[in-house]
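Following: one structure in C-alpha cells, then a few remarks.
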Amino acid sequence: MSWCPKCKNEYRAGIEICPDCNEELVAELSEESDSKFVPLFQTSDSELADKVYNYLIHCKIDAKKLPLPNSSELVYALLVPESDAQEAARYTQTVLMYEAKEKEKEENGGEDIPTPKKGRIPVSNLHLSAKDRYQEYRSSGIMLLVFAALIIAFAFLNFFEIITIMASGPSLVVLGIAAVIFIYLGISSLKSTGKLLEEADEEEKTTSEILTFLKVNFPKEVLDQMQDDSMSDELLYFTQMNAMKEALLAQCPNTDENYIDAILEDYFNSLENQ
C-alpha cells in the first residue's frame with residue numbers, strides 16, 4: 001500500500017500519483033512532516049473559525065483548530081502543515097471575502113450589493129487601486145496648498161496688525177515655517193499624482209484584460225456546473241472563487257493576490273446582478 005503525503009489518503013499497489021493532490025505517493029507517512037504545523041489564522045469568532053476550518057478540510061488541508069485562552073476572551077487558532085500554508089492562506093482569504101460580502105449585504109438592508117463601476121475596485125477589499133491612490137494624493141496636495149495659503153493670509157493680517165492674534169516676531173516666524181512645510185508637502189503630493197495616473201491607466205487596462213479572460217473561461221454557465229446538491233451557498237461560493245483565482249494566478253503568476261481578489265469580487269457581483 002502507498003500513501004499521499006498531503007491528504008494522507010491510502011492507495012492500493014500500482015497507483016503512484018494521488019489523483020486529488022497530484023502528489024507522488026510514498027511507502028509510509030513521515031511523522032516529522034505531520035508535526036510541522038504553522039499558525040494560519042486566529043479569531044475570537046467561533047463560527048468564523050469553524051467556517052475556515054471546515055473549508056480547509058473540504059480542500060484536503062490537514063488543518064487543526066485549537067482554542068487559545070486569552071485574558072478577556074477565548075481565541076481560536078488555526079494551524080496548517082507548513083507545506084500547505086500558502087494554499088491554505090488563499091482558501092482562508094476566500095472565506096473572509098465571503099464574510100465581508102455578507103456583512104456588507106446585511107448592512108445594506110439585506111439587498112444585493114450594487115456592482116461597482118467598470119475599473120473601480122470594491123472598497124471592501126484590501127487592494128487600493130491606483131486610481132483611488134491618485135485621487136487621494138491629488139486631494140491631499142490641494143488641501144495642503146490651501147492650508148498653506150490660509151496660513152500665509154493669516155500671517156499677513158497679523159504682520160500688518162489688522163488682527164493681532166499672532167503679531168509678534170517669533171509667532172510670524174512659526175507661521176512662515178508652517179506655510180513652507182505645507183507648501184512642500186502639497187507640491188510633493190501633486191508630483192506623485194503623475195506617476196499614479198499612469199499606473200491607474202495601466203491597471204485599468206490589466207483589469208479589463210483579466211475580466212475578459214474570466215468572461216471567456218468562467219461564464220455563469222461554467223460556474224453553475226460546479227454546484228451539486230450537497231453544496232451550501234457558502235461552499236459553492238468558495239469553490240467558484242478559488243477555481244477562478246487559481247486560473248488567474250496561473251495566467252498572471254506575479255500579480256498581487258489582493259488585486260486579483262478585488263477583480264474576482266467585481267466579476268462575481270456582475271454575474272449575480274445579471
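Just so it is clear, none of the values below were taken in a lab; they were calculated from the coordinates. Here the structure is a predicted model, which is why all the values come from computation and not from measurement. Note: ideal-geometry Cβ built from the backbone for every residue, glycine included; neighbour counts use all protein chains shown.
Numbers below:
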{"read-out": "Nonlocal amide H pairs with Asn9, under 5 Å, H built at 1.01 Å", "value": "Cys4"}
{"read-out": "Members of Lys51/Lys105; Lys131/Lys245; Lys36/Lys65; Lys215/Lys245 lying beyond 21 Å, as alpha-carbon distances in this model show", "value": "Lys131/Lys245"}
{"read-out": "Most mobile listed residue (Met166, Met244, Met143) in the chain, GNM with C-alpha springs under 10 Å", "value": "Met166"}
{"read-out": "Prolate/oblate/rounded label for the range 132-207 (Cα gyration tensor, a/c 1.5)", "value": "prolate"}
{"read-out": "Listed peptides 200-212, 218-230, 261-273 by packing density, highest first (mean Cβ within 10 Å)", "value": "261-273, 200-212, 218-230"}
{"read-out": "Separation in nanometres of the label points that stand 7 Å from Cα toward Cβ, at Ile162 and Met143", "value": "2.7"}
{"read-out": "Cα convex hull of the chain - mean projected area over all directions, nm²", "value": "23.3"}
{"read-out": "Contact order relative to length of the chain, as percent, for alpha carbon pairs under 8 angstrom and 6 or more apart", "value": "15"}
{"read-out": "Computed label-point distance, nm, for sites Ile17 and Val173 using a 7 Å Cα→Cβ extension", "value": "7.8"}
{"read-out": "Cα gyration tensor, the range 169-248 - rounded (a/c under 1.5), prolate or oblate", "value": "prolate"}
{"read-out": "Paramagnetic label zone (point 7 Å from Cα along Cα-to-C-beta, Ser230; backbone N under 18 Å) in the range 54-97", "value": "54-62"}
{"read-out": "GNM result for the chain, Cα springs below 10 Å: residue of Leu144, Leu157, Leu79 fluctuating most strongly", "value": "Leu157"}
{"read-out": "Cα-based convex hull volume of the range 208-257 per residue, rounded to whole Å³", "value": "79"}
{"read-out": "The range 232-274 - convex hull of alpha carbons, volume per residue in Å³", "value": "64"}
{"read-out": "3J(HN,Hα) from dihedral phi, the range 191-206, Karplus parametrisation 6.51/-1.76/1.60, rounded to Hz, x for glycine, proline", "value": "5, 5, 5, x, 5, 5, 5, 5, 4, 5, 5, 5, 5, 5, 5, 5"}
{"read-out": "Inter-site label distance for Ala153 and Asp201 at 7 Å from Cα along Cβ, in nm", "value": "3.5"}
{"read-out": "Rounded to whole Hz, the Karplus (6.51, -1.76, 1.60) HN-Hα couplings of the range 247-262, x for glycine and proline", "value": "5, 5, 5, 6, 6, 10, x, 9, 7, 4, 5, 5, 5, 5, 4, 5"}
